[in-house]
Amino acid sequence: MLTDSYGRVATDLRVSLTDRCNLRCSYCMPPEGLDWLPSPDLLTDDELGRLVRIGVELLGITEVRYTGGEPLLRRGLPGIVARTAALAPRPEISLTTNGIGLARLAPALREAGLDRINVSLDTLDQATFRTLAKRDRLDDVLAGLAAAADAGLVPIKVNAVLMRGVNEKEAVPLLRYCLEHGYQLRFIEQMPLDAQHGWRREDMVTADEILDSLCAEFTLVPDDPRARGSAPAETFLVDGGPARVGVIGSVTRPFCGSCDRVRLTADGQIRNCLFARQESNLRDPMRAGAADGELARIWQRAVASKLPGHGINDPGFLQPARPMSAIGG
Ligand code: SAM
Ligand code: SF4
């Protein structure tokens, strides 16, 4: 088991498959991109498969989510998913993607054993998409969503981040679009994880503001909070249901006390929190010949030292050195 000193147990593994991306969402990366990790530093498919197997077979991981950077850019992704699906006990397998390329890949991913998908979509307006993501790819994202639905990767979740002065007016149109298409929309508060270190609290569109915008157009009834478990989203029935919308108030309504996540970066580092300032290296001991049990012990020690909270609201908060795209969101 991956237990920390506050009694939380990590069962949800987020794996970053690459730090590269084909968009430049301004809450995540600068327009010019970043210095990508050098290839020899990245875990190979075999190394990655071994660490995920150790997580599942020895350490109690029950859900594996592939993310990045943009995970659809990782060659061999269907093979990575298939290998994960062959583990016993078989974990739930999900993917977080910007949707570009999903129109082509969705059937193969489904076939490989992918259970669920989250697609990021912050706007339905072409010009706003260009401003926010610096690329003209809105149509590709919408086609990717449709293909995921056709491939049966349901229920499809859509993640949206609102930025003041950019897409803050999009809460209602996004919810209408998702209701029409049967997608489950969740808004995520913008967190200080951008590579540019440009996050400012006063620019963040808060969970309260998002709910105020939605309540002007829809009737929202909160779900029973006891049903939430370790899920980060507070969910609401929309106009009597059954459709729901979620709000993830990472900054203003932190949920660290029930966090069950642990992260593996594309270069083989364990992070016990998105906001951790330390990482534990699994790649180098693995390349030096460490046995499974030894790697599992390093992983356990990494989780044991998890702090009680992310500390964003503490006066001395320091943003982690690695941005979200390199940690795996
Ligand atoms: N490229 C994929 C995508 O965009 O879905 C996967 C990686 S991305 C880092 C994962 C999620 O993190 C996306 O839903 C994205 O909107 C979200 N994200 C990125 N930077 C963020 C930030 N500073 N605050 C809140 N969410 C962020
Ligand atoms: Fe790329 Fe996802 Fe970051 Fe946008 S949020 S730049 S799609 S990694």
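Largest first and in whole Å, the equivalent-ellipsoid semi-axes of the stretch 49-93 read 19, 11, 9, each the square root of five times a Cα gyration tensor eigenvalue. Calculate I(q)/I(0) for the stretch 1-77 by the Debye formula, one identical point scatterer on each C-alpha and no solvent, and give its log10 at q = 0.11, 0.13, 0.14, 0.25 Å⁻¹ to two decimals. Values returned for q = 0.11, 0.13, 0.14, 0.25 Å⁻¹ are -0.38, -0.52, -0.59, -1.14. This model, with +1 at the C-beta of Lys and Arg and -1 at the C-beta of Asp and Glu, gives the chain a dipole about its Cα centre of some 640 debye. Residue ranges 189-197, 29-37, 265-273 sort as 265-273, 189-197, 29-37 when ordered by packing (mean number of other C-beta atoms within 10 Å per residue, highest first).
The spacing between the stretch 170-208 and the stretch 38-73, judged by their C-alpha centroids, is 27 Å. The chymotrypsin sites (Phe, Trp or Tyr not before Pro) of the stretch 106-203 include none that meets both criteria, a DSSP state outside H, G, I, E and B (loop) and at most 14 other C-beta atoms within 10 angstrom of the site's C-beta. For the chain, the longest principal axis of the C-alpha atoms and the axis of helix 102-112 are separated by about 50°.
Computed on the chain, with alpha-carbon pairs under 8 angstrom and 6+ residues apart, the relative contact order is 22 percent. For the chain, the Cys residues with no second cysteine's beta carbon closer than 4.7 Å are Cys21, Cys178, Cys215, Cys256, Cys259, Cys273.
Here the extension length gained between Ala290 and Ala108 equals 62.1 nm, from 0.36 nm per residue of separation less the Cα-Cα distance.
Computed from backbone phi with θ = phi - 60° and the Karplus coefficients 6.51, -1.76 and 1.60, the 3J(HN,Hα) list for the stretch 286-297 is 4, 5, 8, x, 4, 7, 3, x, 5, 5, 4, 5 Hz; x is used for glycine and proline. Indicate the gyration tensor shape class of the stretch 271-329 (rounded, prolate or oblate), computed on the Cα atoms with a ≥ b ≥ c the square roots of the eigenvalues: a/c under 1.5 is rounded; otherwise a/b larger than b/c is prolate and the rest oblate. It is prolate, given that a/c is not under 1.5 and a/b is the larger ratio. Rounded to the nearest 500, the 222 nm mean residue ellipticity of the chain from helices alone is -8500 deg cm²/dmol, with -39,500 (n - 2.57) taken per DSSP H run of at least 4 residues. The fraction of Cα-Cα pairs per 10 angstrom bin, counted from 0 for the stretch 129-237, comes to 12, 40, 37, 11, 0 percent, rounded to whole percents. Full extension of the chain between Leu237 and Gln319 yields a length gain of 26.1 nm, computed as 0.36 nm times the residue separation minus the alpha carbon distance.
Each eigenvalue of the Cα gyration tensor of the chain, multiplied by 5 and square-rooted, gives one semi-axis; in descending order these are 30, 22, 20 Å.
Readers should treat all values here as calculations from the given coordinates under stated rules, not as data from a laboratory. From a predicted model like this one, the values you see are computed outputs, not experimental measurements. Cβ coordinates were reconstructed from backbone atoms using ideal geometry, including for glycine residues, and neighbour counts include every protein chain displayed.
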